[in-house]
1. Yes or no: residue 163 open to solvent by 10 Å² or more (accessible area, probe 1.4 Å), at pLDDT 95 or above, part of a loop (DSSP other than H, G, I, E, B) and among the small types (Gly, Ala, Ser)?
2. Considering each residue of region 84-114, count those that are within 22 Å of the chain's Cα centre (by Cα) and in a helix (DSSP H, G or I), and give that number.
3. Report yes if residue 177 is at pLDDT below 95, open to solvent by 10 Å² or more (accessible area, probe 1.4 Å), outside any strand (DSSP E or B) and of a type in the set (Val, Ile, Thr), otherwise no.
4. How many of the residues in region 31-71 are open to solvent by less than 60 Å² (accessible area, probe 1.4 Å), hydrophobic (A, V, I, L, M, F, W, C) and either at pLDDT below 55 or touching a strand residue (DSSP E or B) at 6+ places or on another chain (Cβ under 8 Å) (or both)?
5. Out of (1) at pLDDT 95 or above; (2) outside any strand (DSSP E or B); (3) surrounded by 20 or more Cβ atoms within 10 Å (Cβ to Cβ), the odd one out for residue 197 is which?
6. Given the condition at pLDDT below 90 and of a type in the set (Val, Ile, Thr), answer yes or no: does some residue in region 12-22 qualify?
7. Please indicate, with yes or no, whether at least one residue in region 208-228 is open to solvent by 10 Å² or more (accessible area, probe 1.4 Å), basic (Lys, Arg) and modelled with pLDDT of 95 or more.
Amino acid sequence: MQPKVMACIDASGYSPAVCDYAVWSALRLEAPLSFIHVLHKTPATGPVDLSGNLGLGTQESLLEELALLDEKRGKLAREKGRLLLAAARERAREAGLDEPEGLLRHGELVETLAELEEGIRLLVLGKRGETAAVAAEHLGSNLERVIRAMRRPILVTTDEFRAPQRIMLAFDGSATTRKGVEMVAASPMFRGLPCHLVMAGAKTADTVEQLARARQTLETAGFETPTAILPGEAENVLSRYQQEHDIDLMIMGAYGHSRIRQLLVGSTTTAMIRMSTVPLLLLR
C-alpha cells in the first residue's frame, strides 16, 4: 500500500489551512491523502451520591437522564466528525485531488496516529487545536506529544495557507539535518523551489565545510541554494532570516543534540513552533 499524506482535522480555525497544506503536499508528492478526525473517549457518567437528599426513585431517574445525555453527546460528536470530514474531502476534490479518504476514529489522538504510522508518509496538523488557547505562546495540547511519539515527518501549519515559493532548511550539521538535506534533494515535494540553507552560530572552517557539502547536494539535485552562517541564538537568527527573505516554509530537526533533549522536543524547535508565522516541517 502506498504511504499517504495524513491530515488531522478538528473544528479549530486551523483546519482549513491544514486541509490546504495537506492537499498541496499530496499533489506534489503524488501520494494519496487521508483526513482523520479523532473522537476523544469521554468517561461515562459515574455513580452519583445523592443519599440524604433525594428519594431512590428520583436518583434513578436522574442517572437515566445523565446516561441519555452522554448518549446524545456521543451522537452529536460523531455527526460533527462526519461533517468535518465531508467538508475536508470536498475541499480537497475542488483543489484537484481525487478520492481523498476520511477516517473517523475513537480514542486518543497520539495513540491512534501511532497505530497508523506505518502507512503515513507525511503527517499534517495545525499548531493549535480547537481546545487550545489562542495565545501565541501556547501550543496545541497534543502537538508536542505527537512530535515526540511519531517517527515520520510532521508539517505543523499556521492558520492561513500560502503555497510555498521559497523554503529554508535550518542546518546544524547533525545527522537529522544532513538527512533532511538528502530528503529535500530527493523529494518531489520541493522540486523547483529555492532552498535556503541557514546555520546559526560561529562561522568556522568546520561549519563552512559542512554547509558547502550540504549545498552541493542540493545544487546537484537542481536546487537554487542560497546559504548563510549567522551569529546569535538559533530561534532569533532563523526567525529574522525567514522574515527578511520572505520564506514560506521552514524545515528543521525536531530534536537537539543532548541526551536529555532526546527525550523532549528540542528547545529550539519548541521556540520556533511558538514564534513562527510560517509552517514548519519537522524531521526525525
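The values are calculated or read from the model by the stated rules, or taken from the named source; none is laboratory data. Model, not experiment: these values are computed from the prediction. As a convention, Cβ positions derive from the backbone with ideal geometry for all residues, glycine included, and neighbour counts pool all protein chains shown. Only protein heavy atoms, including side chains, enter the accessible area calculation; ligands, DNA and RNA are left aside. Shrake-Rupley method; radii C 1.70, N 1.55, O 1.52, S 1.80 Å.
1. For residue 163, the condition - open to solvent by 10 Å² or more (accessible area, probe 1.4 Å), at pLDDT 95 or above, part of a loop (DSSP other than H, G, I, E, B) and among the small types (Gly, Ala, Ser) - is met.
2. So the answer is 16.
3. Judged against the criteria, residue 177 is not a match.
4. Of the residues in that region, 8 qualify.
5. (2)
6. No: zero hits.
7. Checking region 208-228: at least one residue is open to solvent by 10 Å² or more (accessible area, probe 1.4 Å), basic (Lys, Arg) and modelled with pLDDT of 95 or more.
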